[in-house]
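Please read the structure below before turning to the comments.
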Amino acid sequence: MIDSAVDHVEATIREEIEKICWGCGLRLLLPSNAPIFKCGWCGAVTNQHAQKRKDKSLRWRRWRDRCFVSVVSFFMLCILCGGVWTVHPVVFSISYISGIFHCLVTAVLAVSTFTTFGLAAFRCAGRPPNIQWGSYPVVGKGDLEDYTFCLYCCKPKSPRSHHCRSCGMCIEDMDHHCPFIGNCVGATNHRHFIIFLISTLISTVYVTIMCSYAGWHIWPPLRFTSLAHPYILASGSTSRVVRELSHALLGSAMLLSTRGIILVYLIVSSVSVQIGLTILLWQQLCYIYEGQTYLSHLSSGADGGSGGRDCQNLVRFFGCPYSFSRHLPIFRSSRKKHRK
């Protein structure tokens with residue numbers, strides 16, 4: 001009776017400290033019942049407290065992304081068509097050569113913007129490579145170093161991968177999920193996403209310049225209500241000058257044609273887009289300069305992570321040859337020498 005009770009206790013203790021690695025299938029003897037442990041053979045990390053959450057909103061997220069992509073595509077088409085329709089009469093009225101040059105610049109910017117948008121939106125963001133796992137003879141030593149098991153995809157997930165609940169898959173080097181392109185920004189399309197931001201920013205700046213130039217030519221003349229224009233500037237106070245100018249601008253705006261109203265809309269919308277794109281592009285380039293992504297920046301916290309800050313990160317990201325990147329300064333090493 002006593003022997004059977006002792007055997008039962010020993011079996012219970014053995015069950016608590018004996019775990020099976022999901023990566024290679026080997027049995028591991030742990031000193032304690034740790035919720036998270038790492039296999040000494042394959043290097044896979046097991047989290048026993050990880051639970052799969054039921055996600056019933058995946059379909060709605062995909063519909064949301066498709067709606068965003070449709071709205072963004074329609075907005076870019078409106079900016080393109082509206083800009084061509086409102087600006088080209090003014091440009092061609094100046095000279096035929098300037099009109100042809102304007103058409104060429106518009107075509108180049110439109111093709112580059114829509115091409116990079118399509119590559120960023122409809123190309124796979126970065127599917128992790130298939131790797132063998134599950135049995136000891138197949139998995140070698142260190143083959144799954146720091147890999148975890150994705151409960152949603154039911155396969156290994158590398159340390160540089162993250163599961164996106166909107167896309168329903170793991171993404172390699174995931175930066176973030178952008179609803180405006182309806183896709184994640186990852187290892188495959190991150191460069192296309194950055195080039196799309198740069199191309200869109202340049203295009204909106206060009207739209208602002210050309211629409212302002214066209215609006216200057218077709219804007220109705222200002223009519224001051226009570227005072228002559230030179231008299232206001234000479235003897236009027238600052239508040240009076242501003243008030244008279246505001247009334248004159250509003251009065252002339254009421255006389256704008258349909259072309260002029262569209263020009264005003266294009267200027268306001270392009271400037272608004274420029275502000276948002278500048279902030280987003282600057283943030284993205286800062287992360288690339290630091291050798292990180294947005295998610296790795298969040299996970300690293302205040303310590304800044306292990307990525308080195310130097311210009312070669314930007315050069316390697318955009319695919320420049322190493323013969324050029326080696327001539328760029330490495331600010332990290334210079335800071336270390338300064339500290340020494």
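Does any residue in region 308-322 that is farther than 17 Å from W282 by Cα come within less than 6 Å, Cβ to Cβ, of a residue that is modelled with pLDDT of 75 or more and of a type outside the set (F, W, Y) six or more places away or on a different chain, and which pairs are these?
G308/G291
Can you tell me which of (1) modelled with pLDDT under 60; (2) under 30 Å from V185 (Cα atoms); (3) hydrophobic (A, V, I, L, M, F, W, C); (4) buried (at least 16 other Cβ atoms within 10 Å of the Cβ) is the one A302 doesn't meet?
(4)
Only one residue in R309, R332 is open to solvent by 40 Å² or more (accessible area, probe 1.4 Å), touching a Lys or Arg at 6+ places or on another chain (Cβ under 6 Å) and at pLDDT below 60. Which one?
Exactly one of R309, R332 is open to solvent by 40 Å² or more (accessible area, probe 1.4 Å), touching a Lys or Arg at 6+ places or on another chain (Cβ under 6 Å) and at pLDDT below 60, namely R332.
Filter region 57-86 for residues that are touching a Leu at 6+ places or on another chain (Cβ under 8 Å) and not polar (S, T, N, Q); which is surrounded by the most Cβ atoms within 10 Å (Cβ to Cβ)?
Ranking the qualifying residues of region 57-86, first place goes to G83.
Every residue in region 34-49 that is open to solvent by less than 50 Å² (accessible area, probe 1.4 Å) and of a type outside the set (S, T, N, Q), please.
Hits for region 34-49 are A34, F37, C39, C42, G43, A44, V45.
Could you tell me whether region 91-98 includes any residue that is within 28 Å of I181 (Cα to Cα), assigned to a helix (DSSP H, G or I) and polar (S, T, N, Q)?
no
Can you name the residue in region 9-21 that is at pLDDT 70 or above and open to solvent by less than 40 Å² (accessible area, probe 1.4 Å) and is also nearest to I131 (Cα to Cα) among such residues?
Of everything passing the filter in region 9-21, C21 is nearest to I131 (Cα to Cα).
Which condition number does G140 fail, the rest of (1) farther than 30 Å from C184 by Cβ; (2) open to solvent by 50 Å² or more (accessible area, probe 1.4 Å); (3) not acidic (D, E) being met?
(2)
Got at least one residue in region 107-125 being over 30 Å from C167 (Cα atoms), out of contact with any strand residue (DSSP E or B) (no Cβ under 8 Å at 6 or more places or on another chain) and open to solvent by 70 Å² or more (accessible area, probe 1.4 Å)?
yes
Which members of region 39-77 meet the condition of being among the aliphatic types (A, V, I, L, M) and under 19 Å from T113 (Cα atoms)?
V69, V71, V72, M76, L77
Yes or no, residue by residue, for (1) among the hydroxyl-bearing types (S, T, Y); (2) open to solvent by 20 Å² or more (accessible area, probe 1.4 Å):
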| residue | (1), (2) |
| --- | --- |
| R160 | no, yes |
| H163 | no, yes |
| C170 | no, no |
| D175 | no, no |
| C184 | no, no |
| L197 | no, no |
| T204 | yes, no |
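The values are calculated or read from the model by the stated rules, or taken from the named source; none is laboratory data. Not measured: the values here are computed from a predicted model. All Cβ positions, even for glycine, are placed from backbone atoms using ideal geometry, and neighbour counts span all protein chains on display. Ligands, DNA and RNA are stripped out before the accessible areas are found, and what is left, the full protein with its side chains, is counted by its heavy atoms. Shrake-Rupley method; radii C 1.70, N 1.55, O 1.52, S 1.80 Å.
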